[in-house]
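Student: Let me give you the structure first, and then I'll get to my questions.
The values are calculated or read from the model by the stated rules, or taken from the named source; none is laboratory data. The model shown is predicted, which means the values in this text are computed figures rather than measured ones. Note: ideal-geometry Cβ built from the backbone for every residue, glycine included; neighbour counts use all protein chains shown.
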């Protein structure tokens, strides 16, 4: 069976056939670096990592580009409110993104492209669109894409402009908006006082790029005018990816990305994540609750990337328990490595070839561990082989032996806590710390680790 993926362009599952045999150009819409990412953002990057790992597992030579959006409406508002420079703000949150990426064991992209490094490339595309009659300059010096000049506009989000003409008389300067407000979108935004020091002097005038043109410039510069796969969350379908396709294809006359793959929303406690609803989580938030970031990764695999999923602390605590069991079972296999079981490998490939069916692939791991007809050495080899795709980092897991003395102190402390003898509990905690260990109280129980 060949790899089949769901292509948002066709709304169908298609056999994956790269433009160039054996090679894959992969572009992932990366973070807008003005704040810490929430766990819904991380679903998009874990999905892209699973896809990339599996393509590499199937021996494709993958060139993976991920952008860093470091100039955009939200960033400029944050620069102003924090009284910082654009560079100070975006570099800090870019570093935070990389730290969290590593905690989730996400493979680094081959190239991270900062939007501010591609201003010249954006100007060239915009000028080409003006010359071809697809874009025009407004009275204030901004440049807009004329969506009615593009006969295929709407082919990704599957709507017809003719249905929206009554609501689409004008221009849209905001980067994000809904389909009901479809209007000509900004390619270049003329400078206004609210932008402060964020501007570039170019042949288009003094100003800054619109959000959508940034990804077109960065992807095509590094992957060519046509490439294989573009990934992102479903919230990117419109307007961002729709506008990317329009401006790119009108500028080049070629197909932009052959396949668009989108992960579904991550709900929290059954509703959309929002700080006002009290259900907004960053990776740091769930770590503070004693949840290993890899447990979050494992939990995401219990549903397909294209399925809307509901996050609850209880469900991820369950994944934490499953991860601990997986690590213990893997360590119990010893250190000798046998050969990969080809029957299990064939089933693993069969599941992931079916639009990255991670729930089935994950269930196969547990089935393999329980199979008494396969030697422990071959089990270890097979699980390590699967983990190249799943990314749990099992090859780095080492058994941490907690001394009996520490375990006994921890038991005494737990008894003191049950009696609500907080003074005694704190005294024992200090003893544990003095012996080089720490105990953390989490919703899933007390955890002991080395300091």
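Student: Within segment 4-30, restricting attention to residues that are more than 19 Å from the chain's Cα centre (by Cα) and closer than 20 Å to residue 220 by Cα, which residue is surrounded by the fewest Cβ atoms within 10 Å (Cβ to Cβ)?
Tutor: Per the stated criteria, the residue is 21.
Student: While we're looking at this one, here's another question. Can you say whether residue 45 is under 26 Å from residue 386 (Cβ atoms), in contact (Cβ under 8 Å) with a residue 40 or more places away in the chain, assigned by TED's automatic domain parsing to the domain that holds residue 100 and within 16 Å of the chain's Cα centre (by Cα), as far as the supplied structure shows?
Tutor: For residue 45, the condition - under 26 Å from residue 386 (Cβ atoms), in contact (Cβ under 8 Å) with a residue 40 or more places away in the chain, assigned by TED's automatic domain parsing to the domain that holds residue 100 and within 16 Å of the chain's Cα centre (by Cα) - is met.
Student: Then there's this: If residue 54 satisfies all but one of (1) over 22 Å from residue 110 (Cβ atoms); (2) in contact with a helix residue (DSSP H, G or I) (Cβ under 8 Å, 6 or more places away or on another chain); (3) not in a loop (DSSP other than H, G, I, E, B), what's the number of the condition it fails?
Tutor: Going through (1) over 22 Å from residue 110 (Cβ atoms); (2) in contact with a helix residue (DSSP H, G or I) (Cβ under 8 Å, 6 or more places away or on another chain); (3) not in a loop (DSSP other than H, G, I, E, B) one by one, residue 54 breaks only (1).
Student: Can you confirm whether residue 40 is closer than 18 Å to residue 255 by Cα, surrounded by 20 or more Cβ atoms within 10 Å (Cβ to Cβ) and assigned by TED's automatic domain parsing to the domain that holds residue 210?
Tutor: Taking the combined requirement at face value, the residue does not satisfy it.
Student: Here is a follow-up. Failed condition for residue 398, given (1) surrounded by 15 or more Cβ atoms within 10 Å (Cβ to Cβ); (2) within 30 Å of the chain's Cα centre (by Cα); (3) in a loop (DSSP other than H, G, I, E, B), with all others met?
Tutor: Here residue 398 meets the rest and fails (1).
Student: Under 19 Å from residue 327 (Cβ atoms), in contact with a strand residue (DSSP E or B) (Cβ under 6 Å, 6 or more places away or on another chain) and surrounded by fewer than 17 Cβ atoms within 10 Å (Cβ to Cβ), is that true of residue 388?
Tutor: For residue 388, the condition - under 19 Å from residue 327 (Cβ atoms), in contact with a strand residue (DSSP E or B) (Cβ under 6 Å, 6 or more places away or on another chain) and surrounded by fewer than 17 Cβ atoms within 10 Å (Cβ to Cβ) - is not met.
Student: If you don't mind, there's one more thing I want to ask. Kindly check whether there is at least one residue in segment 177-184 that is under 27 Å from residue 138 (Cβ atoms), touching a strand residue (DSSP E or B) at 6+ places or on another chain (Cβ under 8 Å) and in a strand (DSSP E or B).
Tutor: yes
Student: Only residues that are part of a loop (DSSP other than H, G, I, E, B) and more than 17 Å from residue 235 (Cβ to Cβ): list them for segment 12-42, please.
Tutor: Once the filter is applied, which keeps residues that are part of a loop (DSSP other than H, G, I, E, B) and more than 17 Å from residue 235 (Cβ to Cβ), segment 12-42 yields 16, 17, 18, 19, 20, 21, 22, 33, 36.
Student: Further question: Name, by its number, the condition in (1) more than 16 Å from the chain's Cα centre (by Cα); (2) assigned to a loop (DSSP other than H, G, I, E, B) that does not hold for residue 123.
Tutor: Unmet condition: (2).
Student: Yes or no: segment 256-272 includes at least one residue that is crowded, with 21+ Cβ neighbours inside 10 Å, out of contact with any strand residue (DSSP E or B) (no Cβ under 8 Å at 6 or more places or on another chain) and more than 26 Å from residue 81 (Cβ to Cβ).
Tutor: no
Student: Here's another thing I want to ask about it. Taking segment 350-382, which residues are part of a helix (DSSP H, G or I), touching a residue at least 24 places away in the same chain (Cβ under 8 Å) and more than 20 Å from residue 334 (Cα to Cα)?
Tutor: 350, 352, 353, 358, 359, 361, 362
Student: Yes or no: residue 62 assigned to a strand (DSSP E or B) and over 25 Å from residue 298 (Cα atoms)?
Tutor: Criteria not met by residue 62.
Student: Condition first: over 19 Å from residue 120 (Cβ atoms) and surrounded by fewer than 22 Cβ atoms within 10 Å (Cβ to Cβ). Now tell me which residues in segment 194-232 satisfy that.
Tutor: Hits for segment 194-232 are 194, 195, 196, 197, 226.
Student: Of the residues 149, 84, 74, which is within 26 Å of residue 199 (Cβ to Cβ), surrounded by fewer than 17 Cβ atoms within 10 Å (Cβ to Cβ) and touching a residue at least 12 places away in the same chain (Cβ under 8 Å)?
Tutor: Matching residue, one of 149, 84, 74: 74.
Student: Then there's this: When segment 331-344 is examined, which residues are found to be surrounded by 14 or more Cβ atoms within 10 Å (Cβ to Cβ), at pLDDT 95 or above and assigned to a helix (DSSP H, G or I)?
Tutor: Answer for segment 331-344, where residues must be surrounded by 14 or more Cβ atoms within 10 Å (Cβ to Cβ), at pLDDT 95 or above and assigned to a helix (DSSP H, G or I): just 344.
Student: Select the helices (runs of 4 or more DSSP H) contained entirely in segment 185-296, then report the ones holding at least 1 residues which are free of Cβ contacts under 8 Å to residues at least 40 places away in the same chain and assigned by TED's automatic domain parsing to the domain that holds residue 446.
Tutor: It comes to none.
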